[in-house]
Amino acid sequence: MTSTLKGITLKGSAEMVAEFFSFGINSILYQRGIYPPETFSRVTHYDMSLQLTTDPKLKNYLTNVVTQLKEWLFECTVQKLVLVITCLETNEVLERWQFDIECDKSAKESSAPREKSIKTIQDEIRSVIRQITATVTFLPLLETPCAFDLLVYTDKDLVVPDKWEESGPQIIDQSEEVRLRSFTTSIHKVNSMVAYKKTDSA
Amino acid sequence: MAEGGDVDWELSKENIQPLRRGRAISALHQALSQQQDGPNSAINQQRQAFESELRMYDGDDPLCVWDRYIKWTEQTFPQGGKESNLTTLLERAVTRFSEEKNYHNDPRYVDFWIKFAENCAEPLDIYRYMQAQGIGVTQASFYIAWSEEHENQGNFRKADLVFQEGFKKCAEPHDRLLQFHKALQARVSRQALLNMEKDSSDEESKQPERVSLAALKHRGKKRAIAPVIRTGSAIKGLSGGLQSNSAPVLSNVSNSRLVIFDENKTEDAGPSEPKLESWAVPPTSRAKENEPKPEKWCDIKMPQKTKYGHTIMAPPPAKPTFQPFVEESDQPPTMTPCKINPAVNMVLSARKPSKEETPLKRLQDQQQQHKEAKAGKLQEQSMYCKELLLSGATEFCFEELRAERYFKKMVQESQEAGTAEKQSNGCF
């Protein structure tokens with residue numbers, strides 16, 4: 001039995017989506033220059049070369065987030081993951097990468113795997129990451145040192161874990177929004193979008 | 001599919017110049033979709049509107065039209081290029097206000113200059129010119145752009161000096177200048193750190209390297225034993241081995257008759273002297289491989305003995321009946337057959353370094369002219385509104401101007417008529 005013929009279960013789907021976020025966040029941090037490029041190393045995944053951070057603190061932080069996220073994905077309680085890029089000095093939000101997650105909650109009841117090959121899903125994920133890379137064509141240059149923050153939107157009744165805190169939406173006023181591609185594992189669907197400060201030309 | 005239309009920008013991402021301020025995605029979509037339409041009449045109409053606005057504007061801030069026009073051009077022509085006319089536009093804008101001192105430290109005007117400099121071959125000249133003219137000397141953005149140019153050329157010291165100059169002039173906004181200066185310092189120190197790391201790693205690699213096929217000095221007196229360590233002093237000499245360096249070693253010819261042709265070497269000697277090589281056949285145009293027709297062999301005779309015992313030799317051919325193939329690139333340059341008298345053959349000559357007209361030069365010329373005009377020494381005087389016709393990025397004709405004025409008047413009249421009517425309605 002080859003892997004392409006296998007269906008996908010809730011657990012596998014959660015893992016895949018979490019993995020996508022891990023690579024996606026790393027890509028954005030590298031692409032937008034939030035961390036210096038020499039702290040990244042190249043790995044090959046999804047048949048493309050990607051940059052992964054080697055900064056121990058950042059790595060640790062991301063692993064924590066992704067592990068927690070995986071749990072929530074498995075429980076189907078997560079709605080959104082948002083990566084916010086803020087100016088270090090003024091704390092102004094400059095970019096907002098939003099990933100809307102639609103969970104098919106019926107997958108929690110029936111454990112039967114869904115019919116979708118890993119290869120197709122990976123193809124979809126690949127095109128999303130490609131598009132993230134291509135956004136440099138229209139995104140404004142980040143001229144100041146920036147920091148990033150990750151926000152996760154979950155269902156209301158969820159208990160906030162120790163390492164997390166409640167926060168505002170950090171929305172950019174007067175923003176330009178661009179929808180990126182989406183992908184679905186047939187259990188979780190992820191829609192991507194980037195918002196950035198509008199140019200003052202119009 | 002909802003995202004079907006959105007992939008446009010991704011498909012032509014290589015043709016979109018990134019802008020410092022980013023792009024409005026709607027403008028990008030529009031620009032990319034209109035490109036496929038061929039004659040982009042909507043774009044031309046908009047451009048025409050800007051052009052006429054430039055000429056007809058009579059408010060107190062003419063720079064604002066230019067500002068909008070330039071920004072529109074940047075957004076509408078994502079791939080830049082000639083048809084965007086951006087360089088011309090910037091040049092015109094920059095010259096148009098070069099005499100108006102109140103604009104000299106207007107951030108928008110300084111922005112024009114910076115964009116203009118970035119489009120020029122020698123941006124540093126432009127920045128120096130700006131400084132001399134006092135354009136942008138109180139603007140932080142001017143110093144930032146100038147310093148960045150120095151940094152791009154690898155001159156960190158000058159980049160820093162530019163910032164010092166900016167601080168001296170109290171350029172505004174001060175925070176921004178300070179922040180960019182800090183960022184520069186951070187980059188420089190990081191660079192220095194990286195270089196140091198690289199240097200130390202270089203030293204490590206300078207350890208003696210084993211040369212392949214090098215002759216070794218043997219150890220042992222009775223039996224020659226090759227040494228275990230085969231680097232450094234253990235090597236007899238490099239004569240026999242493969243040369244790891246590309247430097248030609250011509251002193252080694254003594255024990256081999258073969259001189260290896262080194263094309264780098266001959267190029268140094270220059271093509272001035274034709275090399276006399278006995279086997280070189282003057283190339284003809286027909287000298288191509290496989291072109292000579294096969295010939296009959298049956299005519300060729302073996303030397304035969306006559307009855308007198310002498311050998312009759314077939315007369316040796318004076319020339320080979322075929323053209324030996326000579327590679328084209330191997331032609332000695334001076335031996336090219338030429339039918340025309342070489343003294344007359346001057347059709348193509350090397351281009352002399354022409355006086356290239358840089359935008360900066362044009363600018364200075366114009367300023368010169370302007371000064372002369374002020375001094376009343378002007379030789380020419382155009383008796384029509386030349387500035388109006390030529391002021392934009394494209395040229396207007398008289399009729400266009402007249403039409404603009406006519407339409408404007410019409411609109412005004414109709415408005416006046418409208419208000420008059422309203423007033424009259426109100427009376428009754």
Original post:
Considering only Cα-Cα distances, which of the following residue pairs are longer than 25 Å: A:K57/A:K108; B:K386/B:K409; B:K101/B:K409; B:K115/B:K169; B:K13/B:K71?
Top reply: A:K57/A:K108; B:K101/B:K409
Original post:
Tell me, what is the percent relative contact order of the range B:50-204, built from C-alpha pairs under 8 Å that lie six or more residues apart?
Top reply: 14
Subject >> Residue-by-residue Karplus 3J(HN,Hα) for the range B:48-60, coefficients 6.51, -1.76, 1.60, Hz, glycine and proline x >> reply: 4, 4, 4, 4, 6, 5, 4, 7, 8, 5, 10, x, 9
**OP:** Could you calculate the FRET efficiency of B:K217 with B:A192 from 1/(1 + (r/R0)^6), where r is the beta carbon distance between them and R0 is 45 Å, rounded to 0.05?
**Re:** 0.55
Original post:
Check B:A393: other-chain or 5+ apart residues with amide H under 5 Å from its amide H, H built from backbone geometry?
Top reply: none
Original post:
In nm, to one decimal, how far is the B:E100 label point from the B:E14 one, both placed 7 Å along Cα→Cβ?
Top reply: 4.3
Original post:
By its C-alpha gyration tensor, with a ≥ b ≥ c as the square roots of the eigenvalues, how is the range A:90-174 shaped: rounded for a/c under 1.5, else prolate for a/b larger than b/c, else oblate?
Top reply: oblate
**OP:** Using a Förster distance of 35 angstrom, determine the FRET efficiency expected from the C-beta separation of B:N85 and B:R128, and round it to 0.05.
**Re:** 0.85
Original post:
What FRET efficiency comes out for the pair A:E109/A:T54, r = Cβ-Cβ distance, R0 = 35 Å, nearest 0.05?
Top reply: 0.25
Original post:
Residue-wise, which Karplus ³J(HN,Hα) couplings in Hz belong to the range A:139-144, taking 6.51 cos²θ - 1.76 cosθ + 1.60, θ = phi - 60°, and x for glycine or proline?
Top reply: 6, x, 5, 7, 8, 10
**OP:** Show the residues, 5+ positions off or on another chain, whose built amide H is closer than 5 Å to the amide H of B:Q139.
**Re:** B:E172
Original post:
Given 0.36 nm per residue, what is the gain on full extension from B:D199 to B:D175 after removing their alpha carbon distance, in nm?
Top reply: 5.0 nm
Original post:
Distance in nm between label sites at A:N91 and A:K189, each 7 Å beyond Cα in the beta-carbon direction?
Top reply: 3.7
**OP:** Mind jotting down the distance between the C-alpha centroids of the range A:69-119 and the range B:105-172, whole Å?
**Re:** 45
Original post:
Rounded to a whole number, what % of the accessible area of the range B:85-195 do carbon and sulfur atoms account for, probe 1.4 Å?
Top reply: 50
Original post:
Taking θ as phi - 60°, what are the ³J(HN,Hα) couplings along the range A:12-24 by the Karplus curve (6.51, -1.76, 1.60), each to the nearest whole Hz, with x for Gly and Pro?
Top reply: x, 5, 4, 5, 5, 5, 4, 5, 4, 5, 4, 5, x
**OP:** Just need log10 I(q)/I(0) for the range B:85-195 at q = 0.14, 0.15, 0.22 Å⁻¹, Debye formula, equal scatterers on the alpha-carbon atoms, no solvent, rounded to two decimals.
**Re:** -0.55, -0.62, -1.18
**OP:** Would you kindly state how much longer the chain becomes between B:D61 and B:I229 on full extension, computed as 0.36 nm times their sequence separation minus their alpha carbon distance, in nm to one decimal?
**Re:** 52.4 nm
Original post:
Once every DSSP H run of n ≥ 4 in chain A is given -39500 (n - 2.57) and the sum is divided by its residues, what mean residue ellipticity at 222 nm do you get, rounded to the nearest 500 deg cm²/dmol?
Top reply: -10500 deg cm²/dmol
Subject >> For the range B:9-84, the Rg and Dmax computed from alpha carbons only, in angstrom >> reply: 13.5, 43
Original post:
Excluding A:M48 itself, what net charge comes from residues whose Cβ is under 12 Å from its Cβ, given Lys and Arg +1 and Asp and Glu -1?
Top reply: +1
Original post:
By how many degrees, between 0 and 90 and to the nearest 10, does the Cα long axis of helix A:56-75 differ from the longest principal axis of chain A?
Top reply: 40
Subject >> Interchain or long-range residues, amide H under 5 Å from A:V152's placed H >> reply: A:V82
Original post:
Given the pairs B:K198/B:K361; A:K198/B:K182; A:K80/A:K116; A:K197/B:K82, which span a C-alpha to C-alpha distance of over 32 angstrom in this model?
Top reply: B:K198/B:K361
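The values are calculated or read from the model by the stated rules, or taken from the named source; none is laboratory data. Keep in mind it's a predicted model, so treat the numbers as computed, not measured. When we count neighbours, we look across all protein chains shown, and the Cβ atoms used for this are built from the backbone with ideal geometry, even at glycine. Only protein heavy atoms, including side chains, enter the accessible area calculation; ligands, DNA and RNA are left aside. Shrake-Rupley method; radii C 1.70, N 1.55, O 1.52, S 1.80 Å.
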